[in-house]
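S.K.: Quick one: structure below, then a few questions.
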Amino acid sequence: MGDFCPRRTVLDALLLNAAAESGVEVREGFTVDELLVAADTVVGIRGHARGMTPVDERARIVIGADGVLVRCSNRASPGVRRSACRRVCLLLVLQRYPTERHRAVHTGPPRLWCAPTRANDNMLVPREYVPREPLEPGDYRFVPSLEFVYRPAFGNAVPFAIGSGGEFLPAPPPDLRTWGYALSVAETKAFGRQHRTFRRQDQTEFAAWWLEFNEIHWNRIMRQLTETRRLPLLEAVRMFALVNMANTDATVAVWYAKNHYDFWRPFHAIRLADADGNPFTEADPDWVSEHIVPPLQEYPSAHAIQCQAITRTLRAVLGTDRVSFATQSTTALPSNPIRSFTRLSAASRECRESRIMAGFHYRFSVNVGARMGNRIASRIVDTQLLQR
């Protein structure tokens, strides 16, 4: 859908109508009762229309698009779910590039390699966040107006290349009583405050521009790079696969670290500075960030680790940091809808800076996130979809 994000009720209707107009036979009111399985592969379904006799339908490829936690997935055994994933995940790119880490297996036609299992990867496991009790200075507190923690169990999901979410766990954030902590708090306090004239106009603009989710942002940029650099199909698919694996592993790692350290956002660090034991910080009970704070703990910065993992992976795939692109953002201010870059590293650096200008993060948090992103990108390009 490009740069739009419609509601599922709207999107489903659009997809259904488009499928019907292209000649697809659409059956509404049809219930899937059972999956037909042969040799550990789903080969069809058994189901019925309301009040009708059950019928079997078979096909070379069967896709259950109702989610991993619902009907089609629940009707398949774990072995069948794993088998189905192996036959579709990164199918095009893996015709040429095997993956090493998970003992990729050869199945079917020559040069067809299958990705490691992605079923049951715990990425959708629900869990309720429980604040620490009693709350001490430095402990995370809910930030208005999003007073919850988004998917706190995601750090325990199964990544692609790193061993676990905790493999690259960074050192703790600085002690609240140190000069380094006070300096970082002061910087965010000055630059990240709502309607702050202290910021340059450009800083205000890129703070808003980078609010867009990286999953949306960088896939749009890669579509552009595919066209401008005239990438062959397999090279383009490999690029998309590696970058999205890097972003996923970076997200798992940063979620784990955020929940491990449970560190407070600048919103409370600044408002409650008189309780942090640091003589170099000063409380401002009225301080508000430039933008609404994401419902996650502060340390380290997710945007920083994601952007760095993505750009370093792109640099490895494309063979250079000198990559020019100009693109829009769905969160951009009207005064600056498009930003241009001539280097991937410049884009990642601005991404990190944006989180300080938005009032979300401290300098030490974005720096640590960037270092984590470098390590994860190296793991991805050294072990995944290696060229032969």
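S.K.: Pull up all non-local amide H partners of Thr331: gap of 5 or more, or a different chain, and H-to-H distance under 5 Å with H placed in the peptide plane.
M.R.: Placed amide hydrogens put Glu212 under 5 Å from Thr331.
S.K.: Could I ask something else about it? Taking only the C-alpha atoms, wrap a convex hull around segment 152-383 and report its volume per residue in Å³ as a whole number.
M.R.: Normalising the Cα hull of segment 152-383 by residue number yields 115 Å³.
S.K.: Enumerate the calculated ³J(HN,Hα) couplings along segment 279-285 in order (Karplus 6.51 cos²θ - 1.76 cosθ + 1.60, θ = phi - 60°), each rounded to whole Hz, writing x wherever the residue is Gly or Pro.
M.R.: Values per residue, Gly and Pro as x: x, 9, 9, 10, 6, 9, x Hz.
S.K.: What's the local net charge at Ala377, with K and R +1, D and E -1, over the other residues with C-beta under 12 Å away?
M.R.: On the way: positive: Arg312, Arg315, Arg371, Arg375, Arg379; negative: Asp249, Asp382.
Summing Lys and Arg as +1 and Asp and Glu as -1 gives +3.
S.K.: While we're here: Please give the length that would be gained between Ile61 and Asp202 if that part of the chain were fully extended, namely 0.36 nm times their separation in residues minus their C-alpha to C-alpha distance (nm, one decimal). Working shown, then result.
M.R.: Working: separation 141, 0.36 × 141 = 50.76 nm, distance 5.00 nm.
So the extension gain works out to 45.8 nm.
S.K.: Using the basic label-point model (7 angstrom from Cα toward the beta carbon), what is the Ala20 to Leu135 distance in nanometres?
M.R.: If labels sit at Ala20 and Leu135, their model points lie 5.2 nm apart.
S.K.: If you consider only alpha-carbon coordinates, what radius of gyration and Dmax does segment 120-257 have, in Å?
M.R.: 19.2, 57
S.K.: Then there is this: Quick query: amide H of Val43 versus all other amide H atoms, modeled in the peptide plane; which residues come in under 5 Å with a sequence gap of 5 or more or a different chain?
M.R.: Correct list: Leu36, Val37, Ala38.
S.K.: Just to check I understand the Karplus step: with θ = phi - 60° and J = 6.51 cos²θ - 1.76 cosθ + 1.60, what whole-Hz values come out for segment 138-148, glycine and proline as x?
M.R.: Computed from phi, the couplings for segment 138-148 are x, 6, 5, 10, 4, 10, x, 9, 9, 8, 7 Hz.
S.K.: Sticking with this structure for a sec: Picking from Gln201, Gln224, Thr327, whose Cα lies most toward the positive end of the charge dipole for segment 152-383 (charges on Cβ: Lys, Arg +1; Asp, Glu -1)?
M.R.: Comparing the listed Cα positions along the dipole, Gln224 ranks first.
S.K.: For Asp33 paired with Gln224, estimate the spin-label separation in nm (one decimal), with each label point 7 Å from Cα along the Cα-to-Cβ line.
M.R.: A separation of 5.3 nm, rounded to one decimal place.
S.K.: Report ³J(HN,Hα) in whole Hz for each residue of segment 202-211, in order, from the Karplus equation J = 6.51 cos²θ - 1.76 cosθ + 1.60 where θ = phi - 60°; Gly and Pro get x.
M.R.: Here the 3J(HN,Hα) series is 4, 5, 5, 6, 6, 4, 6, 4, 8, 5 Hz.
S.K.: Given the peptides 354-360, 48-54, 140-146, arrange them by the average over their residues of other C-beta atoms within 10 Å, most packed first. Walk me through the numbers on the way to the answer.
M.R.: Values: 354-360: 26.6, 48-54: 9.7, 140-146: 15.0.
So the order, starting with the most tightly packed, is 354-360, 140-146, 48-54.
S.K.: From the mean inverse distance of alpha carbon pairs (Kirkwood) and the Cα radius of gyration, derive Rg over Rh for segment 267-354.
M.R.: Numbers: Rg = 17.5 Å, Rh = 15.8 Å.
Taking Rh as the inverse mean 1/r over Cα pairs, Rg/Rh reads 1.10.
S.K.: When you count, for each residue, the other Cβ atoms within 10 Å and take the mean per peptide, how do 253-261, 363-371, 225-233 rank with the highest first?
M.R.: 253-261, 363-371, 225-233
S.K.: Roughly how big is segment 129-207's charge dipole about its Cα centre, with Cβ charges of +1 (Lys, Arg) and -1 (Asp, Glu), in debye to the nearest 20? Walk me through the intermediate numbers first.
M.R.: On the way: 9 positive and 9 negative charges, 62 e Å.
Charge dipole of segment 129-207: 300 debye, to the nearest 20.
S.K.: Right, something else. Can you tell me how much longer the chain between Leu333 and Leu318 gets when fully stretched, taken as 0.36 nm per residue apart minus their C-alpha distance, in nm with one decimal?
M.R.: Working: separation 15, 0.36 × 15 = 5.40 nm, distance 3.06 nm.
Full extension from Leu333 to Leu318 adds 2.3 nm.
S.K.: Mind ordering 129-137, 266-274 by average Cβ neighbours within 10 Å, highest first? All intermediate terms of the calculation are to be shown ahead of the outcome.
M.R.: Values: 129-137: 11.1, 266-274: 21.4.
Averaged packing, sorted descending, gives the order 266-274, 129-137.
Quick note: the coordinates plus some simple rules give every number you see, no bench work behind them. Fair warning: this is a prediction, and the values are worked out from it, not measured in the lab. FYI the Cβ positions are ideal-geometry reconstructions off the backbone, even for glycines, and counts take in every protein chain you see.
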